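Structure first, then comments.
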């Protein structure tokens, strides 16, 4: 677009990047942040001014002010460009294992342990007793062995555990090791898609295994599995349905039936539990979520599950099972490609120690699940009263439901008390947007033109931060 003469004249009054970089204040910025970063920030700041001139929003006086304000504008550009994009947020949604918000927050012990290992050398793959190379997975395996000994008993001596970077990787490694070039028998009702368009059949294909679907979407019997077994069958696969429930006219074989069939035909049984609880979910009133120990006790050869869901630790894919079968997985070259680093092992070790001690409340996700509706209501009432004292803010308590999230127990809910907030002059969508734009963003739910806050997923020490945010949100 050709500029009008007055606009061209205004643009000629702007300094060049080189002139800007010679300004004393900008030179000081270069000393702190480096020439490349400051020069790029200067180019961006000048480009914004040129655009304002082209749009007719700056006159000669505006150009003069913009020139004088160049150092400050460059510093703003630098702050924006160099600020970390991964930031802590306050989760007021009531979704405990919120995938988009990083799933399980780590315990204080896990954070401290990761920090201590991160800042120094460690014996990650070094055997201190022999002075020779060690195995990195031994750090987690010894604690899993303690834990399974408590939960399973003598049968646990045959169980070992390895760690990869997430549960999808765990499934990939298991199927590639056990079934590459062969068939895996799986129920049609378990061919699920979860978040991020992750599909079980596609992972199986990447593992080099062919899919042998049996049964129908809603009904699969043990006979369907047995009839599908042939000379190319390498494994039977059972998949947790993760983020949906199937109700009504349904049927699926019991775990005991699948174990018996696998042993009868000498074929490994792999179970993808997805979330994978290491504690009794029935204590929360949730009866349909399978546990890792339950599957191992039943005789499943390989169980895969996540570290950052119901376990409440760092992102990881955990593979527990028959020590001979797991040894085959460990020898697969993919295991090295999918392995985790020292920080994951450090955080996982601290999380597992809490389980071994029976200290479940030290794990934030488990503590949140155990909060009663009355405990939440007490905090919510206090915070709602503070909101009510603020000009233009209205708040009321309403009964509601929290969810576990992360694909765990999809049909289960936990009773809670919500704070329903409205702000004068702002729609619920606008209010939620302003809360997300804060220095410490607050993520909420919006329903029926109200912003809803569920304190189940807000740490108690964050209540004052939430209150302060609303105090200035409508000013």
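Looking at this structure, is residue 162 crowded, with 17+ Cβ neighbours inside 10 Å, in contact with a strand residue (DSSP E or B) (Cβ under 8 Å, 6 or more places away or on another chain) and modelled with pLDDT under 95?
Answer is no for this residue.
Tally time: how many residues in the stretch 145-172 are within 14 Å of residue 316 (Cα to Cα) and part of a helix (DSSP H, G or I)?
Final tally of qualifying residues: 6.
Quick one: which helices (runs of 4 or more DSSP H) lie wholly within the stretch 319-413 and hold at least 1 residues that are touching a strand residue (DSSP E or B) at 6+ places or on another chain (Cβ under 8 Å), more than 29 Å from residue 164 (Cβ to Cβ) and at pLDDT below 95?
373-388
Would you confirm whether any residue within the stretch 415-432 is part of a strand (DSSP E or B) and closer than 30 Å to residue 305 by Cα?
The answer is yes, given that some residue of the stretch 415-432 is part of a strand (DSSP E or B) and closer than 30 Å to residue 305 by Cα.
Does the stretch 298-316 contain any residue that is assigned by TED's automatic domain parsing to the domain that holds residue 159, part of a helix (DSSP H, G or I), under 21 Å from residue 172 (Cα atoms) and out of contact with any strand residue (DSSP E or B) (no Cβ under 7 Å at 6 or more places or on another chain)?
No, there is no match, as no residue in the stretch 298-316 is assigned by TED's automatic domain parsing to the domain that holds residue 159, part of a helix (DSSP H, G or I), under 21 Å from residue 172 (Cα atoms) and out of contact with any strand residue (DSSP E or B) (no Cβ under 7 Å at 6 or more places or on another chain).
Looking at the stretch 229-254, which of the residues that are modelled with pLDDT of 90 or more and not in a strand (DSSP E or B) is nearest to residue 178 (Cα to Cα)?
232
Among the candidates 56, 62, single out the residue that is in contact (Cβ under 8 Å) with a residue 24 or more places away in the chain, in contact with a helix residue (DSSP H, G or I) (Cβ under 8 Å, 6 or more places away or on another chain) and more than 30 Å from residue 348 (Cβ to Cβ).
Only one candidate qualifies: 56.
Of (1) under 21 Å from residue 269 (Cβ atoms); (2) without any contact (Cβ under 8 Å) to a residue 12 or more places away in the chain, residue 357 satisfies all except one. Which?
So the condition that residue 357 fails would be (1).
Take the residues of the stretch 1-28 that are at pLDDT below 80 and not in a helix (DSSP H, G or I): which is surrounded by the most Cβ atoms within 10 Å (Cβ to Cβ)?
3
For the stretch 315-330, how many residues meet the condition of being within 12 Å of the chain's Cα centre (by Cα) and surrounded by 23 or more Cβ atoms within 10 Å (Cβ to Cβ)?
Residues that pass the stated criteria total 1.
If you go through the stretch 40-50 one residue at a time, do you hit one that is in contact with a helix residue (DSSP H, G or I) (Cβ under 8 Å, 6 or more places away or on another chain), surrounded by fewer than 16 Cβ atoms within 10 Å (Cβ to Cβ) and at positive phi?
no
I'd like to know if the stretch 414-425 contains one or more residues that are without any contact (Cβ under 8 Å) to a residue 40 or more places away in the chain and loosely packed, with under 14 Cβ neighbours inside 10 Å.
No, because not a single residue in the stretch 414-425 is without any contact (Cβ under 8 Å) to a residue 40 or more places away in the chain and loosely packed, with under 14 Cβ neighbours inside 10 Å.
Return only the number of the condition from (1) free of Cβ contacts under 8 Å to residues at least 12 places away in the same chain; (2) outside any helix (DSSP H, G or I); (3) surrounded by 12 or more Cβ atoms within 10 Å (Cβ to Cβ) that residue 86 does not satisfy.
Tallying (1) free of Cβ contacts under 8 Å to residues at least 12 places away in the same chain; (2) outside any helix (DSSP H, G or I); (3) surrounded by 12 or more Cβ atoms within 10 Å (Cβ to Cβ), residue 86 fails exactly one: (3).
Filter the stretch 266-294 for residues that are within 30 Å of residue 231 (Cβ to Cβ) and surrounded by 24 or more Cβ atoms within 10 Å (Cβ to Cβ) and give the result.
269, 270, 271, 272, 273, listed by residue number.
When you check residue 337 against the structure, is it in contact (Cβ under 8 Å) with a residue 60 or more places away in the chain, surrounded by fewer than 16 Cβ atoms within 10 Å (Cβ to Cβ), within 25 Å of residue 125 (Cα to Cα) and outside the structural domain of residue 397 (by TED's automatic domain parsing), yes or no?
Judged against the criteria, residue 337 is not a match.
The values are calculated or read from the model by the stated rules, or taken from the named source; none is laboratory data. Please read all numbers here as calculations on a predicted model, not as lab measurements. With ideal geometry, Cβ positions are generated from the backbone for all residues, glycine too; neighbour counts draw on all protein chains shown.
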